[in-house]
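Comments concern the structure below.
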Amino acid sequence: MSERREDLTRPIRVALSNDYEIALLGLAQMLARYPGQVQVVDITTNPELVQHHPDVILYDTFGRLPEHDEKLRQIVAEQEAKVVVYSWDDYPEEAARRLGAVGYLPKSLSAAELVAAIIAIQGSDHPRPAEQQEEPVLTWPGQHLGLSQREAEMMSFITRGLSNDEIARRAYLSINTVKTYIRTAYAKIGVSNRAQAVAWGFRHGFESTDDTGL
């Protein structure tokens, strides 16, 4: 009984996982505003480095594709914590659950809504966090250069060597949508072809840290 009472009073321990550390920093900032409900114990790009016994692993899909996401599969297989996918609609919930995730949370959630959803998934009796003003801004590679998160994701795929058709098929986007994101990204970073884009990506930190495949 005392152990259960302690579980109800301590914050839910959360680990954040993605290939790009910078893509996790804004998410960590969001969660840090609710220390009574959640505590970020790991921010990692390596699935083997979730070390501090989290209750929940929040898996940010920035730069990931839902088809054959071996990193998600590995995290689910090797970690005891509940794995929750944090993504856009083009990473389908059914794909996340098929790979073993116990939950799926959209990136449209506010910080308070995200924390409340984590509490619900964990099955905790923690009080739901109150809404706060001035939501922190998520961060991602290339943001300071004007790239939107979707444009930055396209650059990460291009840097990894995917073709437009591969991106469209595996990201569940139309080829025209992919081309639009790439075209606007190229205009913002000042390149005009694939080779220049790949070289730019390597110079600006878009090389993935993941070694489990795309």
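Before moving on, here are some points about what is shown:
- A count restricted to the range 20-48 and to residues that are among the polar types (S, T, N, Q) and at pLDDT below 85 stands at 1.
- Top-ranked residue in the range 72-101 [being out of contact with any strand residue (DSSP E or B) (no Cβ under 8 Å at 6 or more places or on another chain) and within 24 Å of residue 166 (Cβ to Cβ); ranked as surrounded by the fewest Cβ atoms within 10 Å (Cβ to Cβ)]: 94
- Number of residues in the range 88-100 that are under 13 Å from the mean Cα position of the chain (by Cα) and at pLDDT 90 or above: the value is 1.
- Subset of the range 9-48 [part of a strand (DSSP E or B) and hydrophobic (A, V, I, L, M, F, W, C)]: 12, 14, 15, 16, 38, 40, 41, 43
- Residue 51 being free of Cβ contacts under 8 Å to residues at least 60 places away in the same chain, farther than 26 Å from residue 178 by Cα and assigned to a loop (DSSP other than H, G, I, E, B): yes
- The residues listed here are 189, 118; of these, the one that is modelled with pLDDT of 95 or more and more than 25 Å from residue 80 (Cα to Cα) is 189.
- When the test is whether a residue is closer than 27 Å to residue 28 by Cα and either modelled with pLDDT of 90 or more or assigned to a loop (DSSP other than H, G, I, E, B) (or both), residue 85 passes it.
- Subset of the range 150-188 [over 16 Å from residue 90 (Cα atoms), surrounded by 19 or more Cβ atoms within 10 Å (Cβ to Cβ) and β-branched (Val, Ile, Thr)]: 158, 159, 182
- Within the range 172-188, residues that are over 15 Å from residue 200 (Cα atoms) reach partners that are small (Gly, Ala, Ser) with beta carbons closer than 6 Å, at six or more positions or on different chains, in the pairs 175/168; 178/168.
The values are calculated or read from the model by the stated rules, or taken from the named source; none is laboratory data. The structure presented is a predicted model; accordingly, all values stated were derived computationally and were not measured. All Cβ positions, even for glycine, are placed from backbone atoms using ideal geometry, and neighbour counts span all protein chains on display.
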